[in-house]
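Below: one structure, written as structure tokens.
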Amino acid sequence: MKNFMDVKMLDHIINKTALAIEDGKKEIFEISEKARHDYITYEQELLGIKAKLTLLIHEVDKLEIRSKMSRNMIKTINEHFDEFTEVDIKEAYALSNKVSLALSNKRHDEKELIDRRNELERLMRNSIDVLKKSEILETKVSVALDYLTSGLVEQIEDVKKNKDISIKIIEAQENEKKRISRDIHDGPAQSLANVIFKAEYASKIIDTSPVKAKREIAELQEDVRNTLKDIRKIIYDLMPMSLDDLGLIPTLKKLTSNIIETTKIEVDMQVSQASVIDNQLINLMVFRVVQEAYNNIVKHAKCKHVVVQLHINDLKVELKIIDDGCGFNYPKVMASPHGYGLYNMKERIEIVNGSFEIHSKPNEGTTINIEIPNK
């Protein structure tokens, strides 16, 4: 009877704890969503600020030329004072003052826009930092909640034996959800925000500058086509059927062929396989990392040649990806909004107890080294 009461009390405690964790998870999710919403809002405003700043800088440049011309005119009047009428002199000084005042106002506006641009960039960095931290915390809470509510009392011995496997599977599921969210944010979400901005801009100038408006609409149509392609790609990338049907190596070769066919990049894929990978999670993580690396190379590397080396034996899986592209500052990129892809790759490899190293410098290409235990 006492054992029954102990189990009942333990079950009650677990349920209350699970409810508290669930509430915490909701709050963390709200923090993530707010950070994501803030980032998109700041990003849209930043696009507008940059457009206004471009126009304003052009106006300032024109006013500086006019200011210089008016100063030269005043100088000429002072040197040949007797050759000008009083009306000419007044008009010259009035024009000079008018241009100087306009230039001063425009410079003031330019400074305000630059200050706001810098502030928005700072706010975007802060939003990304909050988003990353809240997502890590959300994953940990999800793992704890799923672990707690998976029949802990009845299966406590089995849970002890399979604890590591259960945690890794849950982490993989949570991180795949976040990967999809990031892919949508980095691709279609940003593209659609740009479409909205261009549409608003075209509607404003369509009466005054119809030719320019048509050009903007043509660009907008191209953006929509590219966004549709991105959405279709995301749908395919959610889970390529060939990974289950054909296996890792044929799927990677197919992915590599697509890169070669759709870009001007040469890819040399070298495979050495002395064993198989029985763990499907490792297969998925290796595929996702190569996929993410190809995405980064196509978008950012500006390279001509890529070497992919994959070695599989009974003890470990080794993957090396080398490109001859423009390279980058790794710590700086990881701390920026563009660091999502690299952060995602590192996160995936750590899920399967692997090590992830990246070596890159500006103008020196990039090398990614990955090692995963094959068990």
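Derivation of every value follows stated rules applied to the coordinates shown; laboratory data play no part. For clarity, every value in this text was computed on a predicted model and none was experimentally measured. When we count neighbours, we look across all protein chains shown, and the Cβ atoms used for this are built from the backbone with ideal geometry, even at glycine.
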Sequence order, the stretch 29-43: Karplus ³J(HN,Hα) from phi using 6.51 cos²θ - 1.76 cosθ + 1.60, θ = phi - 60°, Hz rounded, Gly and Pro as x, gives 4, 4, 5, 4, 5, 5, 4, 5, 5, 4, 4, 5, 4, 4, 5
Would you mind listing how long the stretch 241-373 runs along its three principal axes, going by Cα atoms, in whole Å with the largest first?
38, 32, 24
Work out from phi, with θ = phi - 60° and the Karplus expression 6.51 cos²θ - 1.76 cosθ + 1.60, the ³J(HN,Hα) of each residue of the stretch 58-74, listed in order in whole Hz, and give x for Gly and Pro.
4, 5, 4, 4, 5, 5, 5, 5, 5, 5, 5, 5, 5, 5, 5, 5, 4
Any of Lys50/Lys133; Lys106/Lys204; Lys304/Lys361; Lys140/Lys253; Lys52/Lys198 with alpha carbons more than 25 Å apart? Name them for me.
Lys50/Lys133; Lys140/Lys253
Phi angles of the stretch 352-369, converted by Karplus (6.51 cos²θ - 1.76 cosθ + 1.60, θ = phi - 60°) into ³J(HN,Hα) in whole Hz with x for Gly and Pro, give 9, 6, x, 10, 10, 10, 9, 10, 7, 9, x, 6, 10, x, 9, 10, 10, 10
I'd like the FRET efficiency for Lys50 and Val224, computed as 1/(1 + (r/R0)^6) with the beta carbon distance as r and R0 of 22 Å, rounded to 0.05.
0.55
Report the extension gain between Asp207 and Leu101 in nm, rounded to one decimal, defined as 0.36 nm multiplied by the number of residues separating them, less their alpha carbon distance.
35.1 nm
Roughly how many nanometres apart are two label points built 7 Å out from the Cα toward the Cβ at Lys26 and Ile217?
4.7 nm
Show the residues, 5+ positions off or on another chain, whose built amide H is closer than 5 Å to the amide H of Lys316.
Asn374
Highest mean packing first, using Cβ neighbours within 10 angstrom, the peptides 88-94, 316-322, 27-33 sort as 316-322, 27-33, 88-94
Could you sort 78-85, 54-61 so that the peptide with the highest average Cβ count within 10 Å comes first and the rest follow in order?
54-61, 78-85
For the residue pair Lys302 and Ile74, what label-to-label distance in nm results when each label sits 7 Å from Cα along the Cα-to-beta-carbon direction?
4.4 nm
